[in-house]
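The values are calculated or read from the model by the stated rules, or taken from the named source; none is laboratory data. This structure is a prediction, so every number in the text was calculated from the model and none was measured. Cβ placement follows ideal geometry from the backbone for every residue including glycine, while neighbour counts extend to all protein chains displayed. Just so you know, the surface numbers come from the protein's heavy atoms only, side chains and all, with ligands and any DNA or RNA stripped out. Shrake-Rupley method; radii C 1.70, N 1.55, O 1.52, S 1.80 Å.
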Amino acid sequence: MAVREIITVPDPLLKQVSTPVDGGVDDKLRALMDDMLETMYAAPGIGLAAVQIGVPKRVIVMDLAREDERPQPRYFVNPEITWRSDEIAVREEGCLSVPDIYDEVERPARVKMRYLDYQGAQIEEDAEGLLAVCIQHEMDHLDGVLFIDHLSRLKRDRAISKVKKAKAAA
Ligand code: K1U
Ligand code: ZN
């Protein structure tokens, strides 16, 4: 396993639509997911899409366990949202590719999703709360969308300049 570099705005790869995984879950894909999880824990974060380490495939890892709980790593290959609630929830989000920027985003409060897990089994699951927020945030990454794209143009441009300035000063 290895910690990989997380790309940040304005890297054009973050705007790319990721391609579906072809041929199911094999050891090579599991090695990628292991690296993603280690990278996410090191950051630290609660979710990561493969494109954030420069691999534009439709793969997500996540762990929503609290610090006082045992780790609960989760893997989502070729995830799809099959239903979204009309009810909207507002929650503060952050992003490892837009470091140190946090803002509130409106999203459907509940979703139904379908994906392949670490073993390649097809799973159908209902999500609400932080799981619903995080899976929608990560699935946006697979479509080249960042949480700042849900904000006003002014807030988005300010966020990108702030990250650029911080990188230049580092
Ligand atoms: O996609 C990402 O860049 C990961 C992102 C996921 C996310 C956070 C909040 C709402 C929606 C999606 C993060 O993990 S940002 C860091 C973060 O939330 C966190 C870091 C340390 C401890 C707890 C949370
Ligand atoms: Zn993100």
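Structure above, values below:
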read-out: Between segment 107-170 and segment 24-87, the alpha-carbon center distance in angstrom; value: 11 Å
read-out: Surface share of carbon and sulfur [accessible, 1.4 angstrom probe, percent] for the chain; value: 49 percent
read-out: Cα lying deepest toward the dipole's positive end in the chain, options Val25, Ala166, His141, charges on Cβ; value: Ala166
read-out: Gaussian network model of the chain, springs between alpha carbon atoms under 10 Å - residue of Glu38, Glu125, Glu106 with greatest fluctuation; value: Glu125
read-out: For the chain, calculated [θ]222 nm from helices alone, where every DSSP H run of n ≥ 4 adds -39500 (n - 2.57); value: -9000 deg cm²/dmol
read-out: Residues of the chain: accessible area per residue with a 1.4 Å probe, Å²; value: 55 Å²
read-out: Kyte-Doolittle mean at least 0.0, axial Cα span of 18 Å or more - DSSP H helices of the chain; value: 129-142
